[in-house]
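Below: one structure, written as structure tokens.
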Amino acid sequence: QSSIENYARNFPDNINTPILLNDLANELFTSHDFIKAKNVSSQVVASANAKPNVLYSSWLVNAHSAFELQQYKAAENAYQAALSFKRSKSKHVLLERLAASIYKQAETETNLEISAELYLKVVDTVPSSSIVPQALYDASSQLLASQKWGQAIATLSHFQSAYPSHELYDDASEKLIFAYIENNELVSAAEILVRVSNKSQDKVKSANYLYRAADLYHTNGFEYEGVQLYEKFVNNYKDFFDLNIEAQYLIV
């Protein structure tokens, strides 16, 4: 290691210097000395004499080292640089690592709105990544927490449209109901309530959501739709005595 560093200091413009430093950077990374690996690889990528293969190798070391050091913005930039070499064999892996670098920035960002923007950046930058669904869902959580109702609704709707079989689909429905109500889009909330009621295997939940939807329609100028749902409630949930009596009264 010291002999290579001495050689690089004495012969910085020599054609062999980037090659030797790249070998050293890879060796340091393999030894889990990520700080030195990043520093040495940074010397290589800054060199005017480095050939494409050497540059590519050092960008990889630089990106992986930055990621291990939790320097996720630096990792993002380095993965972008590595991807510019258009090596098809490693493209998929590098895209996943690029997405992860941006996702990690979102996870560690304390500002809710900036965090949401970073989650959405994952979607825009690497739409093919396997973590895109989770990034969309997490973006919606940050948008809800920062009371950006319209943006949250758009994000959740995109999530459900793109990933109808995702394990978080039902949770997204709950978030959508909340967001629509907070955004005073009560009829849209009622539509989701009906959808959840029809799908749910939980009879109590199904009954409560149907009744809640009927109430939202009825109290917001859609009496016909409200009565239809009250009638459905009366016919399907006779065991819910108090609500059933109230629904019959409202129908009359």
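The values are calculated or read from the model by the stated rules, or taken from the named source; none is laboratory data. Not measured: the values here are computed from a predicted model. Counting neighbours? That spans all protein chains shown, and the Cβs are built from the backbone with ideal geometry, glycine included. Side chains are part of the model used for accessible areas, which takes the heavy atoms of the whole protein and leaves out ligands, DNA and RNA. Shrake-Rupley method; radii C 1.70, N 1.55, O 1.52, S 1.80 Å.
Tallying residues that are farther than 18 Å from Ser101 by Cα, open to solvent by 30 Å² or more (accessible area, probe 1.4 Å) and either in contact with a strand residue (DSSP E or B) (Cβ under 9 Å, 6 or more places away or on another chain) or in a helix (DSSP H, G or I) (or both) within the stretch 30-41 yields 3. Please pick out the residue among Ala99, Ala152 that is of a type in the set (Gly, Ala, Ser), open to solvent by less than 40 Å² (accessible area, probe 1.4 Å) and under 11 Å from the mean Cα position of the chain (by Cα). Unique residue meeting the criteria: Ala99.
Given the criteria surrounded by 18 or more Cβ atoms within 10 Å (Cβ to Cβ) and of a type in the set (Phe, Trp, Tyr), does Tyr119 qualify? Yes; evaluated as a whole, the condition is true for this residue. Are any of the residues in the stretch 136-147 surrounded by fewer than 18 Cβ atoms within 10 Å (Cβ to Cβ), outside any helix (DSSP H, G or I) and not small (Gly, Ala, Ser)? Yes, the stretch 136-147 contains a residue that is surrounded by fewer than 18 Cβ atoms within 10 Å (Cβ to Cβ), outside any helix (DSSP H, G or I) and not small (Gly, Ala, Ser). Counting just the residues of the stretch 155-170 that are small (Gly, Ala, Ser) and over 24 Å from Leu98 (Cα atoms), which one comes out surrounded by the fewest Cβ atoms within 10 Å (Cβ to Cβ)? Restricting to residues being small (Gly, Ala, Ser) and over 24 Å from Leu98 (Cα atoms), the top hit is Ser165. Considered as a group, the residues in the stretch 188-242 that are farther than 24 Å from Trp149 by Cα and of a type in the set (Asp, Glu) include one that is surrounded by the most Cβ atoms within 10 Å (Cβ to Cβ), and that residue is Glu225.
Scanning the stretch 50-94 for residues that are open to solvent by 30 Å² or more (accessible area, probe 1.4 Å), polar (S, T, N, Q), in a helix (DSSP H, G or I) and at pLDDT 95 or above yields Asn77, Gln80.
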